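Asks: Please read through the structure below; I'll follow up with questions.
Just so it is clear, none of the values below were taken in a lab; they were calculated from the coordinates. As the structure is a prediction and not an experimental result, all values here were calculated from the model. Virtual Cβ from ideal backbone geometry, glycine too; neighbours counted across all protein chains shown.
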C-alpha cells in the first residue's frame with residue numbers, strides 16, 4: 001500500500017515538490033483505488049500531459065483526475081473483472097526505439113521515457129494486443145496497458161497521431177504578391 005513518503009519520493013524523482021495537502025489527497029486516492037505510489041505518479045503524468053499541459057498537482061486537479069480517470073476505471077474494472085481483465089491499467093508516453101539493430105519489429109520495441117517522467121528509463125513494449133499500429137524509431141507514442149514490473153509494458157491501446165489541425169480556410173497565395 002502506498003505511503004505519503006513513497007508518493008513524495010516518486011514526485012521528487014521528477015522534480016515536483018507537492019504540498020502536504022496534495023500529498024494527503026494523493027494518499028487518499030491511492031487507498032481508495034488500490035494504486036501503488038509509483039503507478040499513481042505515472043497516472044498523474046499521463047493525465048497532466050494529456051489534459052493540463054504538464055501542470056503541477058493541486059487538490060482541484062487531483063479531484064478532476066479522480067472523476068475522469070479513477071472513477072471511470074473503477075466502473076470499468078468492476079464490470080470486466082468477471083472476464084479476467086488485468087487490473088492496474090495505466091497510460092504513459094515515451095519515444096519508440098529499437099532494441100538492437102535500428103529496425104523495429106513487434107518483438108524489438110522499447111519505450112523510452114522522458115527525463116522528467118522516469119529519468120529516461122526504457123521498458124520493452126509488448127504490442128501483441130494492439131489492433132493497428134505504424135511505428136518508426138524516434139516516434140512519440142502514448143500507450144495504455146499494464147506494467148508487469150518485469151521491464152515490460154503490455155500495451156492494449158496506442159496513440160501516435162499528433163497531427164496539427166489545419167486552418168479552416170486555405171491560405172490566400174497570389175503569384176509573388
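Asks: Taking R0 as 30 Å, what FRET efficiency do you get between residue 51 and residue 152 from their Cβ-Cβ distance, rounded to the nearest 0.05?
Replies: It comes to 0.65.
Asks: Sorted by mean Cβ packing within 10 Å, highest first, what order do the peptides 38-46, 21-29 take?
Replies: 38-46, 21-29
Asks: Moving on to the next point. At q = 0.14, 0.20, 0.22, 0.25 Å⁻¹, work out log10 I(q)/I(0) for region 4-83 with the Debye formula, treating every Cα as an identical point scatterer and leaving solvent out; two decimals please.
Replies: Values returned for q = 0.14, 0.20, 0.22, 0.25 Å⁻¹ are -0.43, -0.85, -1.02, -1.28.
Asks: Follow-up. Given the peptides 125-134, 61-70, arrange them by the average over their residues of other C-beta atoms within 10 Å, most packed first.
Replies: So the peptides 125-134, 61-70, ranked by packing, come out 61-70, 125-134.
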